[in-house]
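Just below is one structure, and these are the notes that go with it.
Derivation of every value follows stated rules applied to the coordinates shown; laboratory data play no part. Everything quoted here is computed from the prediction, not taken from an experiment. Every residue, glycine among them, receives a Cβ derived from its backbone with ideal geometry; neighbour counts consider all protein chains shown.
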Amino acid sequence: MTIDYRDAHDIDLDQLATLFDAVGWQRRTANRVRLAQLVDGSLWVVSAWEGDVLVGFARAISDGAFNAYISTVAVLPAYQKRGIGRELVRRLVENRDGIQFVLHANDRAYPFYLHIGLDFQPFDNVLARPRRH
């Protein structure tokens, strides 16, 4: 397996929808305009490819100077536990030491971020307003 990583916004939306559907994120694929906005509205996008197949995706929303939010890290189930998710996140934070990165993870993904060794640490003064739909 050779995985090619790309730092670019030119993501095939059909393949991105397939990836998101495979990890249970059908809500994100229901509206193609919003799916495109998810990619276009991100400052940094990293994707993982095996040949012409999108196998992983991650993005960061940021001002590019001080703060960034890592969101939407996904790897096709058949490719999980191979270091692809770790590499996607590593590439998002690489050479950006002046930026504080934050992320929100569900209960299932939370241990992954603590485990990947990129200095993500919990802190308890984060506030979040949940989605209303």
Subject >> Of the chymotrypsin sites (Phe, Trp or Tyr not before Pro) in the range 54-100, those whose Cβ has at most 15 other Cβ within 10 Å and which sit in DSSP loop >> reply: Phe66
Original post:
Given the convex hull over the Cα atoms of the range 4-115, what projected area results after averaging over all orientations, in nm²?
Top reply: 6.8 nm²
